[in-house]
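Below is one structure, written out as structure tokens; comments come after it.
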Amino acid sequence: MINGHGDDIHNYANVRINFSSNIYAGFSHQGLYEHLKKSMHLITSYPEPSPLSLEKSLAEFHGVSCNEIMVTNGATEAIYLIARAFHDYHPVIPQPTFSEYADACREATTVPDAFPSGRPSLLTWLCNPNNPTGHVIPKQRLLHDIASHPADIFVIDSSYAAYTDQDTPSALDIVSHDNAIMLCSMTKDYGVPGLRLGYIIANSRLLERVNSQRMPWSVNTLAIEAGKYLIAHCVEFQFPLATLLAERQRMEEEIHEIGILTSHSDSHMLLCQLPNGSARELKDYLANHHGILIRDASNFPTLTQQHFRIAVQTPDDNNQLISALKNYKSVNCK
């Protein structure tokens, strides 16, 4: 899906507060900017065909081998590579969740109608924490399911793992299994969506199959340099998780008091449902009258025209959203 994701700030004028993106916006990237200025001369040469230098840094960071890490052009490229690599597996995608899993599988899957054994091997996609609900699958339950189904492949999208205090599988947990793949996102961890940096963690056998689908030079030179800088300076990018989660809990309660339904979340994002009207109308009202952008979630499968999603921001930003929602309700109920 090219269009229809969140963070479509380009469609509105004068947006001041962005609740549509699930990325924490409070980092200072000044050091990264200065580093990239000094690296600009590198753009006159081709990047590494495979970003081995960044993979080495990430492998050391996670305590795994270099052949258990594969850097991609954002987690989205990783999703499409995995779908192609395991095109003969039957995809299982619990809904609602990120749309690219289904899109990638529709493009790649060639599963036959009948199987000699009577049961296909499954390729199960699990976003953990899930987008848009924020729910987390308990770690031990997830690892038990992986171990109990050795013929199936489990893709665990951990792009939002840094946004929850719940226990989630580690890199070492994943590489110790022959049927588990983890997706990670430097975009989410460091607040750099424009760089398009993601990576896959899996044991070498699985990753070799995914690597066979890779295009050369998919990660550009400046993104590689930025990734190495961010890993080396990771202590500078610790966001206030406790504050974000406390704010999400407060927002759950205050939005519910307005008369808008909320779904329990284990992360910083919150799925909401209007009692009437449409999320699209609410989104336009908030953007045009208050400079606030939310995510219209009506295009997630199984959700309705009344669903929208937010990712909590600063307490002041959150208070402005609550005030704007109250205004919308008063105008809408006249």
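Electrostatic bookkeeping for residue 206 treats Lys and Arg as +1 and Asp and Glu as -1; over the other residues with beta carbon under 13 Å from its beta carbon, the sum is -2. Taking each DSSP H run with n ≥ 4 as -39500 (n - 2.57) and averaging over every residue of the chain yields -11500 deg cm²/dmol at 222 nm.
Measure nothing but the geometry: give the 0 to 90° angle between the long axis through the Cα atoms of 221-232 and the longest principal axis through the Cα atoms of the chain, rounded to 10°. With rounding to tens, the tilt is 80 degrees.
For the set 139/228; 283/329; 56/188; 38/228, the pairs lying more than 24 angstrom apart at their alpha carbons are 139/228. Relative contact order for the chain: 25 percent, from Cα pairs under 8 Å spaced at least 6 residues apart, divided by residue count.
When you restrict to C-alpha pairs under 8 Å that are six or more residues apart and normalise by the size of the stretch 228-307, the relative contact order lands at 20 percent. The calculated FRET efficiency for residue 16 paired with residue 257, based on their beta-carbon distance and R0 = 22 Å, is about 0.35. How large is the Kirkwood hydrodynamic radius of the stretch 64-183, counting all unique pairs of alpha carbons, in Å? Mean inverse Cα-Cα distance, inverted, gives 14.9 Å.
Relative to the longest principal axis of the Cα atoms of the chain, the long axis of helix 139-148 lies at roughly 40 degrees. Put a plus charge on the Cβ of each Lys and Arg, a minus charge on the Cβ of each Asp and Glu, and nothing anywhere else: the dipole of the chain about its Cα centre is then about 460 debye. Put a plus charge on the Cβ of each Lys and Arg, a minus charge on the Cβ of each Asp and Glu, and nothing anywhere else: the dipole of the stretch 187-334 about its Cα centre is then about 520 debye.
Summing charges over neighbours of residue 76, with a neighbour being any other residue whose Cβ is under 10 Å away from its Cβ, gives -2 when K and R count +1 and D and E count -1.
When the square roots of the Cα gyration tensor eigenvalues are ordered a ≥ b ≥ c, the ratio a/c for the stretch 151-239 is 1.5 or more and a/b does not exceed b/c, which makes its shape oblate. Relative to the longest principal axis of the Cα atoms of the chain, the long axis of helix 52-62 makes an angle of roughly 70 degrees. Sorted from longest to shortest, the spans of the Cα atoms of the chain along the three principal axes equal 61, 58, 33 Å.
On the beta carbon distance between residue 145 and residue 172, with R0 = 22 Å, the FRET formula returns roughly 0.75. Pull out a ≥ b ≥ c, the square roots of the eigenvalues of the alpha-carbon gyration tensor of the stretch 140-295, then state rounded if a/c is under 1.5, prolate if not and a/b is larger than b/c, and oblate in the remaining case. Cα axes put the stretch 140-295 in the prolate bin. Compared with the direct C-alpha span, the chain from residue 323 to residue 242 gains 26.8 nm at full extension, assuming 0.36 nm per residue. The stretch 133-173 and the stretch 195-256 have their alpha-carbon centroids 16 Å apart.
The peptide list 134-145, 8-19, put in order of mean Cβ contacts within 10 Å with the highest first, becomes 134-145, 8-19. On a per residue basis, the stretch 180-274 carries 39 Å² of accessible surface, using protein heavy atoms and a 1.4 Å probe.
Split the accessible area of the chain by element, probe 1.4 Å, and carbon with sulfur accounts for 53%.
The values are calculated or read from the model by the stated rules, or taken from the named source; none is laboratory data. Predicted model only: the values in this text are computed from it and were never measured. Cβ atoms come from the backbone with ideal geometry, glycine included; neighbour counts cover every protein chain shown. Please note that ligands, DNA and RNA were not included when accessible areas were found on the heavy atoms of the full protein model with its side chains. Shrake-Rupley method; radii C 1.70, N 1.55, O 1.52, S 1.80 Å.
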